[in-house]
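The values are calculated or read from the model by the stated rules, or taken from the named source; none is laboratory data. Bear in mind the structure is a predicted one, so any value in this text is a computation, not a measurement. For neighbour counting, all protein chains shown are included, and Cβ atoms are generated from backbone atoms with ideal geometry for every residue, glycine included. Calculation scope for accessible area: heavy atoms of the full protein, side chains included, ligands and nucleic acids excluded. Shrake-Rupley method; radii C 1.70, N 1.55, O 1.52, S 1.80 Å.
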Amino acid sequence: MINQIERYLEEVKTFTTKDLKEVEAFRIKFLSKKGILNQLFAEFKNVPNNEKRIYGQKINLLKQAATEKVKQLKEKLENAVEENASELDLTRPGYPVEIGSRHPISIVKNQIIDIFKHIGFNVSEGPEIEDDWHNFTALNLPEYHPARDMQDTFFLQKNPDWLLRTHTSSVQTRYMEAHKPPIRTISPGRVYRNEDISARSHCIFHQVEGLYIDKGVSFADLKQTLLYFTKEMFGKSKIRLRPSYFPFTEPSAEVDIYWGLKTETDYRITKGTGWLEIMGAGMVDPNVLKNMEIDPGVYTGFAFGMGIERIAMLLYQIPDIRMFYENDMRFLSQFKPVV
Ligand code: PHE
């Protein structure tokens, strides 16, 4: 008798099927009124006393196993029916997906890159955490040089040799270390200055700086390049260069474009002069070339740098620089989606 129950137990354990009907047949065979288990329970009274305990335990085990097996197989097969592809409604519309748009800073940055690519400039990038050498010293700004105050620097607390770059001129130093002239590169990127945040200035902003070094590069080349840029970027063809000072260029200039005085806004943004300052520029100082092991007797070059936010504010008439960093969808969605 006990052996017979063991065989049933084995049968229950190994039983499996993918057909619900077979599960039902299995249930009837073991668990129905006239099923094996009821027969075994009925047999109990004929079992010799000394075997009753073990017999009782075995049939209870068998009942548990059979009940559990039926439950498991049913659940598995019924769920499989629900997951069946034929139950899917493929005609249902999908969830609405909003199409994003490029950030205005990226739009303007890409526009500037495109314009300079056409005249043979490549794009270079560098780290935002810089060392003193690449951001200052190599650019003719040695320690204690008063012009360092022009760029309120965030230093890294633990090591004052490390800082957040204050301009992307640091990328140009890296580029000059790694490449021999001729060099024609523009360096877009994010920069940091410890300035009070207001509608006009922020402690984080973006720049594009350009560098051109070759034999016989002159100030006239600089002016012509900037004129080409302002025509392409703003559709304006009148610029002027005012003498200025940067430690890394000599001579240096501020570049203004003639914006015009057609509308009230023109009056406001140009303070009634019609002229707008858009960037700094100049001839690369011979000291910078020497620091980079480029012979200033053979090579000359020019450099320029502009703030992307300032240009985006002009082009899109954005009144407050803080709007760029607030991630307000009502602001961002106004810029053309990417096509
Ligand atoms: N690096 C300067 C700045 O951050 C801009 C500049 C670049 C000026 C190159 C002259 C030449 O303001």
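Whether any residue in segment 319-332 is within 30 Å of ALA220 (Cβ to Cβ) and more than 14 Å from the ligand (Cβ to nearest atom) is what I want to check. No - not one qualifying residue is present in segment 319-332.
State yes or no: is ASN79 away from the ligand (no atom under 14 Å from the Cβ), free of Cβ contacts under 8 Å to residues at least 12 places away in the same chain, within 25 Å of the chain's Cα centre (by Cα) and open to solvent by less than 100 Å² (accessible area, probe 1.4 Å)? Here the answer is no, as ASN79 does not meet what is asked. Just to be sure, is PRO181 under 29 Å from ASP214 (Cβ atoms), away from the ligand (no atom under 16 Å from the Cβ) and in contact with a strand residue (DSSP E or B) (Cβ under 6 Å, 6 or more places away or on another chain)? Yes, satisfied.
Hey, any hits in segment 195-203 for a residue that's within 12 Å of the ligand (Cβ to nearest atom) and either under 23 Å from ASN287 (Cα atoms) or buried (at least 17 other Cβ atoms within 10 Å of the Cβ) (or both)? Walk me through how you get there before you give the answer.
Initially, segment 195-203 is screened for residues within 12 Å of the ligand (Cβ to nearest atom), giving none.
No: zero hits.
The set of residues in segment 167-182 being farther than 21 Å from VAL108 by Cα and surrounded by 22 or more Cβ atoms within 10 Å (Cβ to Cβ) consists of SER170, THR173, MET176. Select from segment 308-318 the residues that are open to solvent by less than 20 Å² (accessible area, probe 1.4 Å) and within 16 Å of the ligand (Cβ to nearest atom) and list them in ascending order. Once the filter is applied, which keeps residues that are open to solvent by less than 20 Å² (accessible area, probe 1.4 Å) and within 16 Å of the ligand (Cβ to nearest atom), segment 308-318 yields ILE308, GLU309, ILE311.
If you check GLU209 against the conditions, is it of a type in the set (Asp, Glu) and either more than 13 Å from the ligand (Cβ to nearest atom) or open to solvent by 30 Å² or more (accessible area, probe 1.4 Å) (or both)? No: the conditions fail for GLU209. Yes or no: segment 271-292 includes at least one residue that is surrounded by 16 or more Cβ atoms within 10 Å (Cβ to Cβ) and either outside the structural domain of ILE112 (by TED's automatic domain parsing) or among the hydroxyl-bearing types (Ser, Thr, Tyr) (or both). No: zero hits. Of all residues in segment 109-166, those being open to solvent by 20 Å² or more (accessible area, probe 1.4 Å), of a type in the set (D, E, K, R) and under 16 Å from HIS206 (Cα atoms) number 4.
Restricted to segment 281-317, and to residues that are among the β-branched types (Val, Ile, Thr) and over 24 Å from the mean Cα position of the chain (by Cα), which residue is farthest from ILE204 (Cα to Cα)?
To start, the set of residues in segment 281-317 that are among the β-branched types (Val, Ile, Thr) comprises 284, 288, 294, 298, 300, 308, 311.
This time we only want the ones that are over 24 Å from the mean Cα position of the chain (by Cα), so: 284, 288, 294, 298, 300.
Details: VAL284: 26, VAL288: 26, ILE294: 32, VAL298: 38, THR300: 32 Å.
So, considering only residues that are among the β-branched types (Val, Ile, Thr) and over 24 Å from the mean Cα position of the chain (by Cα), the one farthest from ILE204 (Cα to Cα) is VAL298.
Scanning segment 1-23 for residues that are surrounded by 14 or more Cβ atoms within 10 Å (Cβ to Cβ) and out of contact with any helix residue (DSSP H, G or I) (no Cβ under 8 Å at 6 or more places or on another chain) turns up GLU11, GLU22.
Here's the yes/no breakdown for (1) assigned to a helix (DSSP H, G or I); (2) within 14 Å of the ligand (Cβ to nearest atom):
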{"site": "ILE105", "(1), (2)": "yes, no"}
{"site": "LYS109", "(1), (2)": "yes, no"}
{"site": "ILE115", "(1), (2)": "yes, no"}
{"site": "GLU143", "(1), (2)": "no, no"}
{"site": "ASP149", "(1), (2)": "yes, yes"}
{"site": "ASP152", "(1), (2)": "no, yes"}
{"site": "LYS158", "(1), (2)": "no, no"}
{"site": "HIS167", "(1), (2)": "no, yes"}
